[in-house]
1. Sort through Leu85, Leu98, Leu90, Leu48 and tell me the only one that's hydrophobic (A, V, I, L, M, F, W, C) and closer than 21 Å to Ala8 by Cα.
2. Picking from Arg63, Arg13, which residue would you name as being of a type in the set (Lys, Arg), in contact with a helix residue (DSSP H, G or I) (Cβ under 8 Å, 6 or more places away or on another chain), surrounded by 12 or more Cβ atoms within 10 Å (Cβ to Cβ) and without any contact (Cβ under 8 Å) to a residue 40 or more places away in the chain?
3. If only one of Lys58, Lys109 is more than 25 Å from Ile15 (Cα to Cα) and either of a type outside the set (A, V, I, L, M, F, W, C) or surrounded by 10 or more Cβ atoms within 10 Å (Cβ to Cβ) (or both), which one is it?
4. Residue pairs, Cβ under 7 Å, 6 or more apart or interchain, first in segment 73-100 and within 22 Å of Phe4 (Cα to Cα), second part of a helix (DSSP H, G or I). List them.
5. If you check Ala27 against the conditions, is it surrounded by 15 or more Cβ atoms within 10 Å (Cβ to Cβ), touching a Lys or Arg at 6+ places or on another chain (Cβ under 6 Å) and of a type in the set (A, V, I, L, M)?
6. Of all residues in segment 72-98, which are over 30 Å from Ala20 (Cα atoms) and aliphatic (A, V, I, L, M)?
Amino acid sequence: MNAFAALADDTRREIVKLVAMNGELNASEIGKNFRMSPPAISQHLKILKEAKVLRMKKEAQMRIYSLDASGIGELEDWLTDIVNLWNKRLDKLERYLLKVKKERARDRK
């Protein structure tokens with residue numbers, strides 16, 4: 001599953017936001033913020049880890065989660081491409097509107 005598919009779920013987006021705000025959290029700390037069973041939280045964490053949105057390290061019996069730059073980078077790259085495409089369209093629209101404005105001003109004379 002890619003990062004976009006993983007983040008299609010509201011709960012997973014909230015988990016990512018929670019981890020981003022805190023830097024690192026263990027599964028129990030994450031689970032305290034949701035009304036669902038530990039196995040359900042674990043399943044969400046597994047999906048986010050497989051999508052490389054979160055990374056996990058083991059410390060004794062605890063699993064500690066943090067953001068994974070590679071998955072976040074995929075999202076950032078895609079969003080940058082979309083922003084650039086929209087900026088080009090907006091620039092084109094701005095040029096068109098300036099052209100129309102000049103034509104109207106010329107027609108008034």
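1. Every option except Leu48 fails the conditions.
2. Being of a type in the set (Lys, Arg), in contact with a helix residue (DSSP H, G or I) (Cβ under 8 Å, 6 or more places away or on another chain), surrounded by 12 or more Cβ atoms within 10 Å (Cβ to Cβ) and without any contact (Cβ under 8 Å) to a residue 40 or more places away in the chain holds for just one of Arg63, Arg13, which is Arg63.
3. Lys109
4. Between residues of segment 73-100 that are within 22 Å of Phe4 (Cα to Cα) and residues that are part of a helix (DSSP H, G or I), the close pairs are Glu74/Ala3; Leu75/Ala3.
5. On the way: surrounded by 15 or more Cβ atoms within 10 Å (Cβ to Cβ): yes; touching a Lys or Arg at 6+ places or on another chain (Cβ under 6 Å): yes; of a type in the set (A, V, I, L, M): yes.
Here the answer is yes, as Ala27 does meet what is asked.
6. Selection gives Leu90, Leu93, Leu97, Leu98.
Every number in this text was worked out from the coordinates using simple rules, so none of it is lab data. In this text, all values refer to a predicted model and were calculated from it rather than measured experimentally. Cβ coordinates were reconstructed from backbone atoms using ideal geometry, including for glycine residues, and neighbour counts include every protein chain displayed.
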